[in-house]
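See structure below.
The values are calculated or read from the model by the stated rules, or taken from the named source; none is laboratory data. Given the structure is predicted, the values throughout are model-derived calculations rather than measurements. As a convention, Cβ positions derive from the backbone with ideal geometry for all residues, glycine included, and neighbour counts pool all protein chains shown. Quick note on the areas: whole protein, heavy atoms, side chains included, nothing else; ligands and nucleic acids left out. Shrake-Rupley method; radii C 1.70, N 1.55, O 1.52, S 1.80 Å.
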Amino acid sequence: MKEKFKVKNEESIKKVLLIEPEYQAILNLYEARTELGITQKELSKLSGIRQSNISRIESGACSPTIHTLSALALAMNKKLEIKFK
């Protein structure tokens, strides 16, 4: 993973690696929703998660809980997977 980032400072590398999973979760949520062709409002109705919360998650303004991600995945007929590698 280190090779992907042109950062020499080890502390900076650690910071980037800490935020990457959150970024991937946000990106995967957005991609899954848009692939289904549904709006945030429609996903809100399906999942019970407020549209404003979905918007904040997708914009990176807040960090979703695993419970929230699970509810969103279920509403889109998807399975949430979390892995340690």
Collect the residues in segment 64-85 that are touching a helix residue (DSSP H, G or I) at 6+ places or on another chain (Cβ under 6 Å) and within 13 Å of Ile26 (Cβ to Cβ), keeping them in residue-number order.
Pro64, Leu72
Flagged in segment 55-73 as under 17 Å from Lys45 (Cβ atoms) and open to solvent by less than 40 Å² (accessible area, probe 1.4 Å), in numbering order, are Ile57, Glu58, Thr68, Ala71, Leu72, Ala73
Among the listed residues Glu81, Glu11, Glu22, which satisfies the condition of being in contact with a Ser or Thr (Cβ under 7 Å, 6 or more places away or on another chain) and among the acidic types (Asp, Glu)?
Glu22
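Restricting to segment 63-78, give me the number of residues that are under 13 Å from the mean Cα position of the chain (by Cα) and part of a loop (DSSP other than H, G, I, E, B).
Matching residues across segment 63-78 total 3.
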Tell me which of these Lys83 doesn't satisfy, since it passes every other one: (1) closer than 25 Å to Leu17 by Cα; (2) part of a helix (DSSP H, G or I).
(2)
Hits in segment 40-58 (condition: closer than 22 Å to Gln24 by Cβ and either charged (D, E, K, R) or out of contact with any helix residue (DSSP H, G or I) (no Cβ under 8 Å at 6 or more places or on another chain) (or both))
Arg56, Glu58
Segment 29-45, residues that are part of a helix (DSSP H, G or I) and surrounded by fewer than 16 Cβ atoms within 10 Å (Cβ to Cβ)
Tyr30, Glu31, Thr34, Glu35, Leu36, Lys41, Glu42, Lys45
Using beta carbons and a limit of 9 Å, which pairs, at least six apart or on different chains, have the first residue in segment 31-48 and free of Cβ contacts under 8 Å to residues at least 24 places away in the same chain and the second one open to solvent by less than 30 Å² (accessible area, probe 1.4 Å) and not aliphatic (A, V, I, L, M)?
Thr39/Arg33; Gln40/Arg33; Glu42/Arg33
